[in-house]
Amino acid sequence: MISGWRAGHDPDGQVRIGLPGWTYLPAALGVAFLTLPLIAVFTEIDWGDFVSLVTSESARTALVLSLKTASASTLACVLLGVPMALVLARGRFRGRSMLRSLVLLPLVMPPVVGGIALLYTFGRNGLLGQQLEAFGIRIAFSTTAVVLAQTFVSLPFLVVSLEGALRVSGRRYEEVAATLGARPTTVLRRVTLPLVLPGLASGAVLAFARALGEFGATITFAGSLQGVTRTLPLEIYLQRETDPQAAVALSLLLILVAVAIVLLTHRHRTAGVL
């Protein structure tokens with residue numbers, strides 16, 4: 001018996017340690033804090049006009065653009081994030097802690113600051129933008145800028161998730177494969193990645209969800225051009241000024257998409273995929 005905890009037994013005979021009773025009150029307050037705002041959105045919906053509001057041309061264009069750019073940024077996160085997580089988890093070099101801090105910086109940086117940083121990097125007069133401009137390549141205030149902004153804020157989520165999975169999985173199976181003569185690329189493809197596939201999938205889902213809701217970096221770096229850079233969060237912000245009911249309806253639409261992502265993630269976890 002652990003002091004402050006109540007122990008019992010599960011049907012399979014394993015010892016089950018209960019929670020202190022006082023933990024349920026702050027837990028309930030936390031759940032209420034997270035769910036009441038969502039309920040408030042439901043109460044403000046004009047259900048008679050809901051379908052017409054969320055199926056308007058501007059809403060459909062913004063939603064499709066959001067899904068396309070979020071998918072593209074998720075792919076970019078996977079292509080860049082997997083090697084980054086491998087280097088951080090398996091690499092042995094000086095300055096690794098500093099590198100990890102830089103990789104995780106977008107997690108704590110305000111998105112609008114990230115947008116400004118991207119603008120001064122890829123803008124017409126930016127660090128790289130000037131060279132790209134010489135070749136006729138303009139990134140700022142384009143759909144590509146949306147993808148870059150979403151990737152910038154989403155990439156750390158995938159790296160953190162995958163690096164954690166790599167650390168938990170250990171190196172035992174990789175060392176066995178290497179002992180048997182497998183090349184590093186073969187070990188990575190046949191051993192490492194299959195072992196951490198749940199962490200990779202979870203990180204990809206988190207990156208997609210973060211990209212779908214991105215606002216600050218996008219509006220700063222890409223602007224708000226309908227059909228080009230105006231994603232659903234930007235459309236909600238603009239509609240809030242002119243048509244509050246449309247903004248509430250689109251907010252609910254984005255919430256429903258987010259709920260679908262969460263449910264999909266939870267279903268895969270319970271199925272053993274995540």
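Scan segment 220-265 for residues that are within 25 Å of Leu119 (Cβ to Cβ), assigned to a helix (DSSP H, G or I), of a type in the set (Val, Ile, Thr) and in contact (Cβ under 8 Å) with a residue 60 or more places away in the chain and the total you get is 1.
Counting the residues of segment 59-107 that are of a type in the set (Gly, Ala, Ser) and surrounded by fewer than 17 Cβ atoms within 10 Å (Cβ to Cβ) gives 5.
Scanning segment 112-127 for residues that are buried (at least 21 other Cβ atoms within 10 Å of the Cβ) and in a helix (DSSP H, G or I) gives Gly114, Gly115, Leu118, Leu119, Phe122.
All of the numbers you see were taken from the coordinates with simple rules; none came from a lab. What you see is a predicted model; the values in this text were computed from it and never measured. A quick note on method: Cβ atoms are made from the backbone with ideal geometry, for glycine too, and the neighbour counts reach across all protein chains shown.
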